Amino acid sequence: MSSTAFVSIGELRKGRHAVSQILDTVASGGCSSSGGAGKASCGSSDGPDDMPAEIWEKVKNHPCYSEEAHHHYARMHVAVAPACNIQCNYCNRKYDCSNESRPGVVSQKLTPDQAVKKVLAVASEIPQMTVLGIAGPGDALANPKKTFETFRRLSEEAPDIKLCLSTNGLALPQMVDEICKYNIDHVTITINMVDPAVGEKIYPWIFWDHRRVTGREAAEILHRQQMLGLEMLTARGVLTKINSVLIPGINDEHLIEVNREVKKRGAFLHNIMPLISEAEHGTVFGLTGQRGPSAQELKAVQDACMGGANLMRHCRQCRADAVGLLGEDRSEEFTLDKIEAMEVVYDLDKRRAYQQQVEQERQAQHAAKAAALEAAAADAGMDAGMKVLVAVATEGQGKVNQHFGHATEFQIFEVSQGEALFVGHRRVDLYCQGGYGEDEQLPSIVGAINDCHAVLVSKIGACPRDELKAAGIEPVDEYAHEFIEAAALSWFAGYRARVARGEIVHTERGDARIRQGAFTAAA
Ligand code: CLF
Ligand code: SF4
């Protein structure tokens, strides 16, 4: 870890500094980027050379386990698991499990039979859909019959689809054998604490051994089960991702310890997600005014965890019946009545052929990035320590291919001479509605990316262009339909050259005050 990287991490690890204090360091440019241990640890951007071949086979086309794959491959969820065995203070049972969903949207609940029909229908329409997950609307393992019946049938009827589940972990140790029986290669456990004193502020009760258990005892049991479940899964070679909900003032500093403990037990990835707690969702946290973190607070905690368990930063907090690429939701195209009317042809060869094309595209993206990095490395004499954030509008395929006005989120890349790293996304309200720009949306969109130096888009109108420039964000449309990382590195090389020639003055930025999830645009 570089000495400048985290003066504050040491303090954090001793539990002295809250998120607001981390932010002071970030804002002063001291820590945000270099983070910690050399290469950024978003394990998700690793490639085949960074891991054993059998692990690469499991992650290469899983959009959640590979950041790169999420530009190309889709996932879907089937909402077969309505019940839950615990209560989280950020959950209202009227809505889906917020451990892997944004509250406020309710999924159409399915029987296993309906779920299988839906998966086959989606697989025939979206050949790049490679992963089926069960993530609610309650807890997958609190509904074992429906969950495993769905997996059993899919392992027979759609053998090329990877199976994935998400759980709070309470019932996990007892279910590990069943999980392995159906080749469920990927399991997510939501772990918000490793200290029951923290846990009792998050979980009012659990249902355990035929009774309701409350307070510290509930948190102790849940913690024990989560740790045991994680150890058992990793011992069996199941890739396990940990989700943690970042709750400012409750577990922000504590998540660094969570990261360390889950790494010790073999977790493959750690996904730190922002709490969403709008009062209208009727959750305990929503009603008591517990706020969610800002985008920058989230990034600061993620950065503070670097060097520990690999971080996932591209989570979109999907709904329990999400369909499509992460960040898009095509569930409306696959409602039960629409599926009934569809002609479903599950053609394995066609799916494989399509996925081969996707792989070629991915290789081209790799090559473009390698070439851009090579050019950047040869660019001697520039300030090698300079780092900036760049926002990108994209519809997928790893390209700058979206109009500014059509974006409902921007992907954020941290760009330096040696890397262009995905570090998160920001949801925004749609600017272009019904063919016209909604100028009153502009301040919130600009606010969402005001810690970025540039925004890369395929096209942009005059009005948003002026507003962005006035906010010090450079609108860039000259890389339309080029690969993102190569485009970001190329723009950055030009930026540094302009700084070196004295045409512009480089300034640190660090002001995004947007609350993650506060925007209503569908993701
Ligand atoms: Fe679904 Fe979760 Fe499997 Fe992915 S989602 S069960 S691991 S297939 Fe992915 Fe969605 Fe984030 Fe979940 S983006 S909410 S991490
Ligand atoms: Fe809600 Fe999921 Fe927590 Fe259960 S585990 S209470 S469904 S957020």
query: Taking 0.36 nm per intervening residue step and subtracting the Cα-Cα distance, what contour gain separates ASP379 from GLU333 on full extension?
result: 11.7 nm
query: What residues of segment 432-452 lie in the reach of a label at GLU278, counting those whose backbone N is under 18 Å from a point 7 Å from the Cα along Cα→Cβ?
result: 441-442, 444-445, 448
query: Ranked by Cβ crowding within 10 angstrom, fewest neighbours first, how are GLU485, GLU257 ordered?
result: GLU257, GLU485
task: Mind scanning LYS241/LYS299; LYS58/LYS338; LYS94/LYS181 and naming the pairs with a C-alpha gap bigger than 21 Å?
output: LYS58/LYS338; LYS94/LYS181
message: Can you sort VAL245, VAL423, VAL301 from fewest to most other Cβ atoms within 10 Å of each residue's own Cβ?
response: VAL423, VAL301, VAL245
- request: With just the Cα atoms of segment 344-448, tell me how far they stretch along each of the three principal axes, in Å, largest first.
  value: 56, 43, 20
query: Along its principal axes, what span do the Cα atoms of segment 363-522 show, with the longest given first and each in whole Å?
result: 46, 36, 27
- line: At R0 = 60 Å the Cβ-Cβ FRET efficiency linking GLN356 and ARG501, nearest 0.05, sits at 0.85
message: Can you give me the orientation-averaged projected area of the convex hull built on the Cα atoms of segment 55-95, in nm²?
response: 4.7 nm²
- prompt: Which FRET efficiency value, to the nearest 0.05, is calculated for ASP439 and HIS481 with the Förster distance at 25 angstrom and r the Cβ-Cβ distance?
  reply: 0.40
field: Size of electric dipole in segment 308-433: Cβ of Lys, Arg +1 and of Asp, Glu -1, about Cα centre, debye, nearest 20
entry: 300 debye
field: For ILE86, distant residues with modelled amide H under 5 Å away
entry: PHE207
- prompt: Each residue of segment 459-471 in turn: what ³J(HN,Hα) in whole Hz from Karplus with 6.51, -1.76, 1.60 and θ = phi - 60°, glycine and Pro shown as x?
  reply: 6, 7, x, 5, 5, x, 4, 5, 5, 5, 4, 4, 8
message: Assuming 0.36 nm per residue, please report the length gained on full extension of the stretch ALA471 to ALA367 beyond their Cα-Cα distance.
response: 34.0 nm
- prompt: Remind me, what semi-axes does segment 283-338 give for its equivalent ellipsoid, largest first in whole Å, using sqrt of 5 times each Cα gyration tensor eigenvalue?
  reply: 30, 19, 9
Convex hull of Cα atoms in segment 131-252, direction-averaged projection (nm²): 7.6 nm²
- prompt: Measuring from centroid to centroid over Cα atoms, what is the spacing of segment 236-310 and segment 469-493 in Å?
  reply: 31 Å
statement: Fewest to most Cβ atoms within 10 Å: TYR354, TYR479 sort as TYR354, TYR479
message: Kirkwood hydrodynamic radius, computed over distinct alpha-carbon pairs, for segment 395-449: how many Å, to one decimal?
response: 12.4 Å
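No value in this document is a laboratory result; all are computed from the given coordinates. Because the structure is a prediction, the values reported are computed rather than measured. Glycine gets a Cβ as well: all are built from the backbone with ideal geometry, and neighbour counts include every protein chain shown.
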